[in-house]
Amino acid sequence: MSKRDYYEVLGVAKTASESELKVAFRKLAMVHHPDRNPGDKEAEIKFKEVNEAYQCLSDGQKRAAYDRFGHAAFSQGGAGGPGFGNEFGDFMSDIFENFFGDGRGAPGGGRGRGGAPGRERGADLRYNLEISLEEAFAGKTETIRIPTSIACETCSGTGAKAGSKPRTCSTCGGYGRVRAAQGFFAIERTCPNCHGRGEVVDDPCPSCSGAGRVNRERTLSINVPAGVDDGLRIRLAGEGESGLRGGPSGDLYVFLSIKPHPFFQRDGADLFCRVPISMVTAALSGEITVPVIDGSQTQVRIPAGTQTAKQFRIKGKGMPVLRSREVGDLYIQVSVETPQNLTKRQRELLQEFDQSASDENHPESAGFFSKVRDFFVSGSTRA
Ligand SMILES: [Zn+2]
Ligand SMILES: [Zn+2]
């Protein structure tokens, strides 16, 4: 089944701002709302489609994933980097479960399937980790600090004071949501009495004020393997936010980015470096010293008559390939620098050289200009 593009569904541009999305969503939701179109199946489908598109695009993280992978970002085993694709797919389906699953939010559905009432999975967390190209080359152990909430130790996450127990909320009957009429909409909103939990704590735990969680900063040591590339995602299962009232923890997703390097460009496992050389070295031959990503240096022999843009390959001096023993190559691309700020003597020497020069010295320009001549000659006979 092919799904429509979310932006198309909402009728907005890919660059639409949050408020533009909101306006578009509200307008469409009004038009297709089931309460305005009783018994109209098509309107119901449209309404769901609009809702789904908005839920995705209004969430920065999901929107980024959608922009990158399309609908595949939210399907099991969807698109993704090598080895991490399935995990990412799971992650997205978890999020969607929270939004669209028939857990607490579904009308008449009651509380989460199977789980004890009030148990709630902790949120997934995202951490952006930026490393240098050198660190991506060598691998790195990075200690990160994550502000998160963990289950309160005093009450084991129930939120109730020792010896007391939470009781079912009388306002919503444990459902967590209440229905109310507003204009022609029957809206469902989070229960104001229990704030969606379905239960209330009469005697709150003093350590967490009844929340069941306390805010903490955790430190985690992340092992970044050598050869990682920009955009890689690492999933650390169970390292996200703690669940509520004994629910499972969420996961932590580390999004890796690599800072641009001042002189190395990367293409997969290969590195490229542009090196200026003097006109004399290019003409007479010579050796140049070039940098290597491991911090060392190496020599490159420049043969006589080297032109700008000529590439020299240095085998095995590129980036390691993730989870393999392969290593890429380093490509040195030279650019011949024309001398500037000449002294009178230097100018004379170059003029002297020029007087003695023949087409043999500059075969490329000689060839080019003879082609240009031919072009104009044949052009004039055509006219
Ligand atoms: Zn507590
Ligand atoms: Zn309630």
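Annotation: amide H of Glu120 within the under-5 Å range of Leu244, Gly247, sequence separation 5 or more or interchain, hydrogens built in the peptide plane. Taking amide H as placed 1.01 Å from N in the peptide plane, the amide H of Cys169 sits under 5 Å from that of Gly174, Glu199, Val200, each at least 5 places away or on another chain. Ranked by the mean number of other Cβ atoms within 10 Å of their residues, highest first, the peptides 275-284, 36-45 come out as 275-284, 36-45. Taking every protein chain into account, the 1.4 Å probe leaves Asp374 with about 100 Å² of accessible area, to the nearest ten. Tally Lys and Arg at +1 and Asp and Glu at -1 over the other residues with C-beta under 9 Å from the C-beta of Asp329: what net charge comes out? After counting each charged neighbour, the total is +2. Using R0 = 22 Å, the C-beta based FRET efficiency linking Val275 and Gln307 works out to 0.95. The simple spin-label model puts a point 7 Å past each Cα toward its Cβ; for Lys14 and Glu360 those points are separated by 5.7 nm.
Karplus-based coupling profile of the stretch 268-277, in residue order and whole Hz: x, 8, 8, 10, 10, 9, 8, 10, x, 10, with θ = phi - 60° in 6.51 cos²θ - 1.76 cosθ + 1.60 and x standing for Gly or Pro. Give me the aspartates and glutamates in straight-line cross-link reach of Lys41: C-alpha distance below 19 Å, same-chain residues under 8 apart excluded. Once the sequence-local aspartates and glutamates are set aside, what remains near Lys41 is Glu49, Glu52.
Placing dummy labels 7 Å off each Cα toward the beta-carbon, the span from Arg323 to Ser335 is 3.9 nm. Computed over the stretch 137-201, the percent of Cα pairs more than 18 Å apart is 60. Positive end of the dipole of the chain (Cβ unit charges, origin at the Cα centre): among Ile258, Val214, Pro303, the Cα lying farthest that way belongs to Val214. Among the cysteines of the chain, Cys56, Cys273 have no other cysteine beta carbon within less than 4.7 Å of their own.
Among 142-154, 227-239, the peptide with the highest mean count of other Cβ atoms within 10 Å heads the list, and the full ranking is 227-239, 142-154. When the pairs Lys22/Lys161; Lys48/Lys165; Lys315/Lys371; Lys22/Lys259; Lys259/Lys315 are compared against a 30 Å limit on Cα-Cα distance, Lys22/Lys161; Lys48/Lys165; Lys315/Lys371; Lys22/Lys259 fall above it.
Note on Ser221 and Lys22: with the Förster distance fixed at 30 Å, the Cβ-Cβ geometry gives a FRET efficiency of about 0.15. In this simple spin-label approximation, Arg189 and Ser209 carry label points 7 Å from Cα along the Cα→Cβ vector, and these lie 2.2 nm apart.
Note on the chain: Cα Rg divided by 2.2 N^0.38 Å, N the number of residues, gives 1.55. Computed 3J(HN,Hα) for the stretch 291-307, one whole-Hz value per residue from the Karplus formula 6.51 cos²θ - 1.76 cosθ + 1.60 where θ = phi - 60°, is x, 10, 4, 7, x, 8, 10, 9, 9, 10, 7, 9, x, 4, x, 6, 9, glycine and proline marked x. Which residues does a label at Gln61 reach in the stretch 194-238, if reach means a backbone N under 14 Å from a point 7 Å past the Cα toward the Cβ? Answer for the stretch 194-238: 233-238. Each peptide in 130-141, 293-304 receives the mean, over its residues, of other Cβ atoms within 10 Å, and ordering these scores from highest gives 130-141, 293-304. Taking only the Cα atoms of the stretch 221-350, the ratio Rg/Rh comes out at 1.26, with Rh defined as the Kirkwood radius. Sequence-ordered 3J(HN,Hα) estimates for the stretch 156-173 from the Karplus curve with 6.51, -1.76 and 1.60 and θ = phi - 60° stand at 6, x, 7, x, 9, 5, 3, x, 10, 9, x, 10, 4, 5, 7, 5, 10, x Hz, glycine and proline given as x.
Taking amide hydrogens as placed 1.01 Å from N in the peptide plane, the amide H of Gly210 sits under 5 Å from those of Cys205, each at least 5 positions away in sequence or on another chain.
The values are calculated or read from the model by the stated rules, or taken from the named source; none is laboratory data. Values in this document were obtained by computation on a predicted structure and should not be read as measured data. In this analysis, Cβ positions are derived from the backbone assuming ideal geometry, glycine residues included, and neighbour counts consider all displayed protein chains. The area values use the complete protein model at the heavy-atom level, side chains included, leaving out ligands, DNA and RNA. Shrake-Rupley method; radii C 1.70, N 1.55, O 1.52, S 1.80 Å.
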